[in-house]
Amino acid sequence: MKFRKLFILLMMSLLLVACGKSENSVNEKEVNAAETTGGKKVGVIQIADHIALERARKGFEDELKKTNPDVEIISKNANGDLTVVPSIIKSFQDKNVDLIYAIATPAAQGAKNGEKEIPIIFNAVTDPASADLVKNLEEPEGNITGVSDYFSIEAQLEEMISIFPDIKNIGVMFSTNEANSKFQVEELKKVADGFGLNVVEVGVNNINDVSTAIKTIEGKIDIFMAITDNTVSSASTIIAESLKASKIPSFASEEGPVENGILVSAGVDYVELGMKAAGMASEILGGKEVKDVPVLFSTETSKVVNKKTAEALGLEDDKNLMDNAKVVE
């Protein structure tokens, strides 16, 4: 009888030990699996809500998920309010993100000012140097690199003149708060002068100024050029409607404003720029240092025409305008 009790106690002890080992084994497997899959976190900050920036975000997120299926993407939109950028960056820090993707110059500047260690990739920045983001485009210093949406102003003016050979005065609007925009306007004035063209510029503080500002220059211009400015892009529908009423053609640096009513664009593809940024992010998340990931520039452009605007201006049969163009309504 004593032997039987001893045998039962012994078997129970062995069973408990076995269960403990099994539980430890399961826990070890879970830890190892977590270390292996180790989903990375990426914080995305978008400065405003308009087509170009949406495409830069979507192109990035879709492409990044293809190469990093376990990535956790935390997207935040500042909705044009620069004062909330620091708090968004702080929220990324609190969540221990592995990388920050900053879309547009103010977002990139805010990210750089607020974070010195976490890698940052910018997009939709025309001139990273004048925006004080990077000095060496080939070997970026610090923790920031990215993709520029720069497209030669000279090439854009050549396209504009080929469509509208009789133009003399080009109107342009820019946000006084964006270094990116001031750079473009200065370059436009310099290049336009070489073509014998005059630039009529007007600055705005925010989207509420746009409607009045466009009216102040309409009587002085033959064509309006929509640069890659966040305020201008966000207000492109307002600008387009005003220009159509005044029978003034308009030209944009990218497709988004054309979908909102601007007449024609010959410029960059922001989805493609987002995909380029995702490739850079994958390299950095994989262990590559920021200094070894040079700033990239757009290489693909396309001509896009808004059909309804062309019809409103009586240009739907204009061969210079419609040839080799993608048509949107």
* To do: Would you work out which of Thr216, Val305, Val44 lies farthest towards the positive end of the dipole of the chain, given +1 charges on the beta-carbon of Lys and Arg and -1 on that of Asp and Glu, about the Cα centre?
  => Val44
* Give the span of region 90-175's Cα atoms along each principal axis, as three whole-Å numbers ordered largest to smallest. => 56, 26, 17
* Would you mind estimating how fast region 228-275 diffuses translationally, via Stokes-Einstein at 4 °C and 1.567 mPa s with the Kirkwood radius over Cα pairs, in µm²/s? => 118
* Per-residue HN-Hα couplings for region 247-252, Karplus 6.51 cos²θ - 1.76 cosθ + 1.60 at θ = phi - 60°, whole Hz, x for Gly and Pro? -> 6, 10, x, 9, 9, 10
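Quick one: of the DSSP bridges fully inside the chain, what percent are antiparallel, nearest 5? Let's see the in-between values first.
Details: 5 of 45 bridges.
The antiparallel fraction comes to roughly 10 percent.
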* To do: Would you mind estimating how fast region 136-231 diffuses translationally, via Stokes-Einstein at 20 °C and 1.002 mPa s with the Kirkwood radius over Cα pairs, in µm²/s?
  => 146
* Just read off the accessible area of Lys303 with the full protein assembly in place, 1.4 Å probe, to the nearest 10 Å². => 30
* Measure nothing fancy, just the Cα-based angle from helix 51-67's long axis to the longest principal axis of the chain, in degrees from 0 to 90, nearest 10. => 30
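Which order, highest average first, do 252-258, 203-209, 170-176 follow once you tally other Cβ atoms within 10 Å for each residue and take the mean per peptide?
The densest-packed peptide leads the list: 252-258, 170-176, 203-209.
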* What residues have an amide H closer than 5 Å to that of Tyr150, excluding those fewer than 5 places away on the same chain, when H is modeled at 1.01 Å from N in the peptide plane? -> Ser298
* Just the projected area, averaged over all directions, of the convex hull on the alpha carbon atoms of region 280-329: how many nm²? -> 5.5
* **Distance violations [Cα-Cα > 22 Å] among Lys189/Lys244; Lys168/Lys247; Lys189/Lys247; Lys168/Lys220; Lys182/Lys319; Lys41/Lys116** => Lys189/Lys244; Lys189/Lys247; Lys182/Lys319
* With all protein chains present and a 1.4 Å probe, how do Val327, Val305 order by accessible area, largest first? -> Val327, Val305
* Structure fact -> Between Ile74 and residues 5 or more places away or on another chain, the pairs with built amide H atoms under 5 Å apart involve Val42, Gly43, Val44
* To do: Would you list, by chain and number, the lysines whose Cα falls below 16 Å from the Cα of Lys58, excluding same-chain residues fewer than 8 positions away?
  => Lys66, Lys76, Lys276
* For region 148-256, what is the charge dipole size about the Cα centre, in debye to the nearest 20, if Lys and Arg each add +1 at the Cβ and Asp and Glu each add -1 at the Cβ? -> 420
* Structure fact -> For Leu243 the rounded accessible area (nearest 10 Å², probe 1.4 Å, non-protein molecules ignored) is 0
* Asked: With N residues in region 218-329, what two-decimal value do you get for its Cα radius of gyration over 2.2 N^0.38 Å?
  -> 1.31
* To do: Could you list which residues have their amide H under 5 Å from that of Phe122, counting only those 5 or more apart in sequence or on another chain, with H placed in the peptide plane?
  => Ala102, Thr145, Gly146, Val147
* Folded to 0 to 90 degrees: helix 2-37 orientation relative to the chain principal axis, Cα -> 20
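Quick one: accessible area per residue over region 84-146, 1.4 Å probe, rounded to a whole number of Å²?
Per-residue accessible area for region 84-146 comes out at 38 Å².
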* Carbon and sulfur atoms: what percent of the 1.4 Å accessible area of the chain do they account for? -> 51
* Structure fact -> The helix 179-194 Cα axis meets the longest alpha-carbon principal axis of the chain at an angle in degrees, between 0 and 90 and rounded to 10, of 30
* Find the Rg to Rh ratio for the chain, where Rh is the Kirkwood radius over alpha-carbon pairs and Rg uses the same atoms. => 1.22
* Asked: Rounded, prolate or oblate: which fits region 33-96, taking a ≥ b ≥ c as square roots of the Cα gyration tensor eigenvalues, rounded meaning a/c under 1.5, else prolate when a/b beats b/c?
  -> oblate
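The values are calculated or read from the model by the stated rules, or taken from the named source; none is laboratory data. Source: prediction; values computed, not measured. A quick note on method: Cβ atoms are made from the backbone with ideal geometry, for glycine too, and the neighbour counts reach across all protein chains shown. Accessible surface areas use protein heavy atoms only, side chains included; no ligands, DNA or RNA. Shrake-Rupley method; radii C 1.70, N 1.55, O 1.52, S 1.80 Å.
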